[in-house]
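The structure appears below as C-alpha cells.
The values are calculated or read from the model by the stated rules, or taken from the named source; none is laboratory data. Because the structure is predicted, anything quoted here is derived from the model rather than measured. Counting neighbours? That spans all protein chains shown, and the Cβs are built from the backbone with ideal geometry, glycine included.
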Amino acid sequence: MDIIKSKKSVGSLSAHDEFESDNYLNFIRLSCIKDESAIGTESFPEELMNLCHEMILPDDILNLLVNFYKNLYDDHFISISSMIGPSNDIVVKSKIKQYG
C-alpha cells in the first residue's frame, strides 16, 4: 500500500536518518544522562600555584602592555607611572603576580 510506504524524513528529523539503530540508541542514552556521573570537578594540586611572587614590570614592558590593551579594546589606557593627575583613562598597574 502506498499509504504505509516509508518516506524520507525532512528538517531536523533528517539528521537521525544517518544513524543506525544501535548508534542512535547509544547517542540518545548519552545525551539524556540524568545523574551527574558524567560531570564533576577536581581541585588542582597545590604544587601548581606555590611558585608565585609579586614583581614590578619594567617601563618598556609596561608601555607594551598599555599599547596592547589600547589596540585590543579600542579604549584609553595609561600606565600608572605616566599618570600626572585625574583622568578618565583606564590605569594599567605595574605590580603583577608572576607564576612559575
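Given the structure, is residue 31 of a type in the set (S, T, N, Q), under 30 Å from residue 98 (Cβ atoms) and at pLDDT 60 or above? For residue 31, the condition - of a type in the set (S, T, N, Q), under 30 Å from residue 98 (Cβ atoms) and at pLDDT 60 or above - is not met.
Which one is farthest from the chain's Cα centre (by Cα) among residues in the range 81-90 that are closer than 16 Å to residue 59 by Cβ and exposed (fewer than 13 other Cβ atoms within 10 Å of the Cβ)? The qualifying residue farthest from the chain's Cα centre (by Cα) is 84. Remark: pairs (first residue in the range 81-100, touching a residue at least 12 places away in the same chain (Cβ under 8 Å); second residue surrounded by fewer than 10 Cβ atoms within 10 Å (Cβ to Cβ) and not in a strand (DSSP E or B); Cβ separation under 6 Å; 6+ apart in sequence or on different chains) = 100/51.
Quickly run through the range 49-70 and pick out the residues that are in contact with a Ser or Thr (Cβ under 9 Å, 6 or more places away or on another chain) and surrounded by 15 or more Cβ atoms within 10 Å (Cβ to Cβ). Those that are in contact with a Ser or Thr (Cβ under 9 Å, 6 or more places away or on another chain) and surrounded by 15 or more Cβ atoms within 10 Å (Cβ to Cβ): 57, 62, 63, 65, 66.
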